[in-house]
Structure formats: C-alpha cells, structure tokens
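Input: a single structure, listed below in structure tokens.
The values are calculated or read from the model by the stated rules, or taken from the named source; none is laboratory data. Computed from a prediction, not measured in an experiment: that's the story for all the values here. Virtual Cβ from ideal backbone geometry, glycine too; neighbours counted across all protein chains shown. We work out accessible area using only protein heavy atoms, side chains counted, and drop any ligands, DNA or RNA first. Shrake-Rupley method; radii C 1.70, N 1.55, O 1.52, S 1.80 Å.
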Amino acid sequence: MIEWAAVVENPCDRVAYGVRVGASALDGRGKEIEAHGVFVGGGEDLPTLLSKQKLAVAGTIDVEKDDPFTADDVKSLKITTGGEEWADEPAWMTESEFTRLYPHWPRVHAVNVHLSARDEKGYVGLDFDLRADTGRTTVLNDPFGVVVLRDHEGKIISGTRIQLDADVYEHEQTGIWTPAATDPSKTQIYVNQKASGLS
C-alpha cells in the first residue's frame, strides 16, 4: 500500500466545491504505471475550497500480490484536479453567494502541533489545537483533518486523514503512523469542511 497526500490551493476569487483530486503512480521514467489494463492510482474528494485557501487530501494506492509492479516501482505521483464524476472542472460559486448560504463558515487552522517520539513500529502520538480566523462561530461543518508529513527538505512523503471534533476550541489527540524520514517540525494539519447541500 502507498500512502499519498497533496496540498491544493484555490487561487481564484470564487469558492470551489465538489473538487476531485487524482493521484497517478509514475515509474522512474515519469511514465504512468499500468496494471491489468488500467492506470494505477487513486482519488479523493476535497469538499469545499474557499478563495485563496490551501487544503489537503490524503489517500492510498493498493498494491496486490498479482500486480506486475511493486510499491518500490512507484517513484513519484502525478496529481490532477477536476470535478466529480470525471468532470474537467469542479463546481463554483461566488464568495458572496457562499457567505449568504453559510454566514458562519469559519476558516480554521491547526496550532500547537506536536508529535511524540516515533515508536519501533513507526507510530507517534499527535496533538494540536484548532483555531478559527474569525470569531463568528466555534462550530465546524462536518470537519475532517488531513495530516501532511514531510521530510527534512520539505517534500511531502505521506499523509493521513483523521477525524476531528466539531468544536473549534477542542484540543485534539490521536495516533498516526509516520515514515522514518518524517521531520516532525514540518508536519502540517489542514482542516476540511463539507457544506450540507453541496456535493
């Protein structure tokens, strides 16, 4: 199994929703790997991405015993974005329309991120706090977190999705697996939210 993560930024002045992020496995020559007649990869949904916001997704790519390649053959990933059901683009709405529909939507980030020492199996304890950029509300909208793990050079090496409490001011604690090359000081946690009524 290959764990992957990607950070996606919305540079536009509109809100994107129903974003589909795809990950294609590439070999050492930069070619997409094919197995059993299909290209190897995976995909994850990014429910709501506000204007100028960066969020992350994390997923896995399974490698079966009868596949004509191994996890070691995957040297890099190609990340693409689009909409649901193979659409080229996600859905869009203006910031004013989004604010009218969701007037108390907070932009949220993780602070005081701390990883414990890595144990012999690669697991660490992770704890952090959630904070909103505005004081309009303390309640998140169907939230989940994505932990992005980087090496000493800042390169993304893995990621995992975690469950979050709905209260902005909760202290969060969980355990995750980390690769040996993880630099704890470069760990980032992105807070995704899903708007009811948007798909």
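Remarks
- 5 angstrom amide H check on VAL19, placed H, neighbours 5+ away: LEU46
- Heavy-atom SASA rank of TRP4, TRP177 (probe 1.4 Å, accessible area, largest first): TRP177, TRP4
- Remark: region 172-189, residue by residue, has Karplus-estimated 3J(HN,Hα) of 9, 9, 7, x, 9, 8, 10, x, 4, 7, 5, 9, x, 5, 9, 5, 10, 10 Hz, where x stands for each Gly or Pro and the curve is 6.51 cos²θ - 1.76 cosθ + 1.60 at θ = phi - 60°.
- Mean projected area in nm² (Cα convex hull; one quarter of hull surface) for the chain: 12.4 nm²
- When the convex hull of its Cα atoms is projected in every direction, mean area for region 111-192 (nm²): 5.3 nm²
- Segment LYS65-THR99, extension gain: residue separation times 0.36 nm, minus the distance between their alpha carbons: 7.3 nm
- Under Karplus coefficients 6.51, -1.76 and 1.60, residue-wise ³J(HN,Hα) of region 97-103 in Hz, glycine/proline x: 5, 5, 5, 5, 6, 10, x
- For ALA56, the amide hydrogen comes within under 5 Å of the amide hydrogens of VAL8, counting only partners 5 or more places away or on other chains and with H modelled in the peptide plane.
- Extension gain for the segment GLU85 to ALA180, taken as residue separation times 0.36 nm less the Cα-Cα distance, is 30.6 nm to one decimal.
- For region 1-159, accessible area per residue (1.4 Å probe, heavy atoms of protein chains only), Å²: 55 Å²
- Under 5 Å, built H, 5+ apart or other chain: amide partners of GLY43: ALA23
- For region 2-101, the orientation-averaged shadow of the C-alpha convex hull comes to 7.1 nm² (one quarter of the hull surface).
- You can think of it this way: the chain between ALA117 and GLU9 has 35.8 nm of extra reach, that is 0.36 nm per residue less the Cα-Cα gap.
- Projecting label points 7 angstrom from Cα along Cα→Cβ for GLN163 and ASP45 puts them 1.8 nm apart.
- Longest DSSP-loop-exposure-free segment, GluC sites (Glu not before Pro), the chain, at most 15 other Cβ within 10 Å: 1-63
- Each residue, HIS171 and LYS75, gets one label point 7 Å from its Cα in the Cβ direction; the gap between the two is 4.7 nm.
- Estimated FRET transfer efficiency (GLU153, SER196; beta-carbon r; R0 25 Å; 0.05): 0.05
- Residue among HIS104, HIS152, HIS36 with the largest mean-square fluctuation in a Gaussian network model of the chain, springs linking Cα atoms under 10 Å: HIS36
- Charged side chains reduced to their Cβ positions (Lys and Arg at +1, Asp and Glu at -1) give the chain a dipole of some 580 debye around its Cα centre.
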